[in-house]
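One structure below.
The values are calculated or read from the model by the stated rules, or taken from the named source; none is laboratory data. Computed from a predicted structure; not experimentally measured. A quick note on method: Cβ atoms are made from the backbone with ideal geometry, for glycine too, and the neighbour counts reach across all protein chains shown.
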Amino acid sequence: MAKSLMIVDDSATMRKIIMRTVRMSGLEFSRTEEAGNGNEALEKLNAEPVEIMLCDINMPEMSGSELVKKVRELPSCDDTKIVMVSTESSQEIIDDLLANGANGYITKPFTPEKFQEKLAPFMN
Amino acid sequence: MSVDQAVFDGVLLEAAKEVFETMIFMDIENASEPEQTIDELTLLGSITFTGTLEGCLSIFCGLPAAKAIATNMLGIDATDDISEEDICDAIGEVANMVMGSIKSRVQHGIEKLAVSIPSVVTGRQLESNLCDGENKITVTVNIEDEYTAQFSLLYRESEK
Ligand SMILES: [Mg+2]
C-alpha cells in the first residue's frame, strides 16, 4: 500500500523541489503534506500521522533536530520514518540526529536517485 | 589552526557549479569576461557561519538572473508570474546549498561550523561585502551564457 509523506522545510521553494524530486524518483505516495516550520509539522502530525517525514535541519524557531525529538515523543508517530534533508554534512551532527530518532539522511544538493536509494527501504 | 586560503580557491566555484547543475539545471562558467555588469536592481542572498571560522557567503545578481534561477529551480515557465517573495526564497536557498556544498568539501579543519538561516535583500547598488573578513574570495560566473552572478566568501579565523 502506498505510504503517506510530509515535507518539512522553511523554504517554500525547497519544499516544491523536494516534491518534484520525489516524483522524479518514481516513488509514489498516497498522501503528501507540507509544513513550513516545526510547529506546523507537529500540528499536522497530531491531526494525522504520516509514515515518512522528510525534514530540513536549518529552520528558524524550531530546528530540525528539535522537531525530531518532539516527533519521537508522539506515540502516534512511533512508526513514522524520519529522513533528514539538509545541507548539513558534519558526521557528528548526523550521528547525533540518528541517535535522537532520525532514520536516515539525504544531503542537499540531491538527485532523484538519492531519494530512491534512501527512501526505498521504508516503502514496504 | 590555520586555514589556507588556497583550500577555498576552487572550492567556491566547484560548490556553485554542483548546486547549479544538480538543483537548478543551469550551466555556469567562471567568467573572465562577464556577460553583464550587475548594476541594475540587484539581489543579495547571504548566509553567515560561525565556528572554527566565521564569515559569510553571498550570491549577488540582477533581478532577471534571480528570476531565471528561481523559475528553473521550481520548474516553471520563465514567462509565468513569480512573486518577489518566491525569488528571494529561491536565492536564499541557493546560498544555503552552496554553503553546504563548500562545507562538505572542506570538512577537514572546519568541522565545527554552524550556519545561519539565509537572508536576502534587494536594492540598487548593493555591496556584496556586507560582513567583515580578513580573507575574501570572489568568483564571477556566467549562467547559461546569458546572466552573470557573483559569489563571494568572506571569512576569518575565530579568536577563541
Ligand atoms: Mg532551511
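Screening B:Leu154, B:Leu130, B:Leu126 for residues that are touching a Phe, Trp or Tyr at 6+ places or on another chain (Cβ under 9 Å) and either modelled with pLDDT under 90 or over 30 Å from A:Lys16 (Cβ atoms) (or both) leaves exactly one candidate, B:Leu126.
A single entry from A:Leu27, A:Leu119 fulfils the requirement of being in a helix (DSSP H, G or I) and touching a residue at least 60 places away in the same chain (Cβ under 8 Å): A:Leu119.
Could you go through segment A:21-29 and let me know if any residue there is within 13 Å of the ligand (Cβ to nearest atom) and within 14 Å of chain B (Cβ to nearest Cβ). Scanning segment A:21-29, I find no residue that is within 13 Å of the ligand (Cβ to nearest atom) and within 14 Å of chain B (Cβ to nearest Cβ), so the answer is no.
Annotation: of all residues in segment A:32-73 being β-branched (Val, Ile, Thr) and assigned to a loop (DSSP other than H, G, I, E, B), the one that is nearest to B:Ser119 (Cα to Cα) is A:Ile57.
The set of residues in segment A:107-124 being in contact with a helix residue (DSSP H, G or I) (Cβ under 8 Å, 6 or more places away or on another chain) and at pLDDT below 95 consists of A:Thr107, A:Lys108, A:Pro109, A:Phe110, A:Thr111, A:Pro112. Residues in segment A:21-44 that are over 12 Å from the mean Cα position of the chain (by Cα), of a type in the set (A, V, I, L, M, F, W, C) and crowded, with 18+ Cβ neighbours inside 10 Å: A:Leu27, A:Phe29, A:Leu42. Within the option set B:Gly45, B:Gly51, being within 13 Å of chain A (Cβ to nearest Cβ), surrounded by 14 or more Cβ atoms within 10 Å (Cβ to Cβ) and modelled with pLDDT under 90 holds for one residue only, B:Gly51.
Checked against the criteria, A:Ser76 does not count as closer than 24 Å to B:Lys103 by Cβ and either out of contact with any Cys (no Cβ under 9 Å at 6 or more places or on another chain) or assigned to a loop (DSSP other than H, G, I, E, B) (or both). Restricting the search to segment A:1-20, which residues are within 16 Å of the ligand (Cβ to nearest atom) and either of a type in the set (A, V, I, L, M) or surrounded by fewer than 17 Cβ atoms within 10 Å (Cβ to Cβ) (or both)? Answer for segment A:1-20, where residues must be within 16 Å of the ligand (Cβ to nearest atom) and either of a type in the set (A, V, I, L, M) or surrounded by fewer than 17 Cβ atoms within 10 Å (Cβ to Cβ) (or both): A:Met6, A:Ile7, A:Val8, A:Ala12, A:Met14, A:Ile17, A:Ile18, A:Met19.
Filtering segment B:54-78 to residues that are part of a helix (DSSP H, G or I) and surrounded by 19 or more Cβ atoms within 10 Å (Cβ to Cβ) leaves B:Ala65, B:Ala66, B:Lys67, B:Ala68, B:Ile69, B:Ala70, B:Thr71, B:Met73, B:Leu74. I want to confirm something. Restricting to segment A:30-61 and keeping residues that are of a type in the set (A, V, I, L, M) and within 14 Å of chain B (Cβ to nearest Cβ), which single residue is farthest from the ligand (Cβ to nearest atom)? Result: A:Ile57. Any residue that is under 19 Å from B:Ile47 (Cα atoms), within 9 Å of chain A (Cβ to nearest Cβ) and in a helix (DSSP H, G or I) - is there at least one of those in segment B:79-86? Yes, there is a match, as at least one residue in segment B:79-86 is under 19 Å from B:Ile47 (Cα atoms), within 9 Å of chain A (Cβ to nearest Cβ) and in a helix (DSSP H, G or I).
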